[in-house]
1. Which members of region 1-60 meet the condition of being open to solvent by 80 Å² or more (accessible area, probe 1.4 Å), part of a loop (DSSP other than H, G, I, E, B) and under 27 Å from Val74 (Cα atoms)?
2. Out of everything in region 37-56 that is among the aliphatic types (A, V, I, L, M) and in contact with a Gly (Cβ under 7 Å, 6 or more places away or on another chain), what residue ends up being farthest from Val3 (Cα to Cα)?
3. What pairs come out if I take residues in region 2-27 that are farther than 21 Å from Trp62 by Cα and at pLDDT 95 or above and pair them with residues that are outside any strand (DSSP E or B) and of a type in the set (Gly, Ala, Ser) whose C-beta lies under 6 Å away, six or more apart or interchain?
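The values are calculated or read from the model by the stated rules, or taken from the named source; none is laboratory data. The structure displayed is predicted, hence computed values, not measured ones. FYI the Cβ positions are ideal-geometry reconstructions off the backbone, even for glycines, and counts take in every protein chain you see. When the accessible area is computed, the model is the full protein with side chains, heavy atoms only, and any ligands, DNA or RNA have been set aside. Shrake-Rupley method; radii C 1.70, N 1.55, O 1.52, S 1.80 Å.
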Amino acid sequence: MPVLGLYGGKDQGIPLDQVEKMRTELKESGNPSQIIVYPDADHAFFADYRPSYNKAAAEDAWKKMLAWLKYYGVA
């Protein structure tokens, strides 16, 4: 099952080495998943009510998520 992972590069709760490990394992298995890291974003970068909100990352992530859902026939 393909997944879309949208991660903040400054997220202390999800270490980048684990994100990269997942990306590598998905790629090696031939899974069409997409993992995107926003280098300047922190945890919960999409939550506009938190200090970690990152407008640029959130807007880009929203567009990518909508395109992903459309591509896989979910939206």
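1. Correct list: Met1, Ser29, His43, Phe46, Asp48, Tyr53.
2. Kept after step one, since they are among the aliphatic types (A, V, I, L, M), are these residues of region 37-56: 37, 41, 44, 47, 56.
Now drop any that are not in contact with a Gly (Cβ under 7 Å, 6 or more places away or on another chain), which leaves 37, 41.
On the way: Val37: 14, Ala41: 20 Å.
Here the residue is Ala41.
3. Leu26/Ser33
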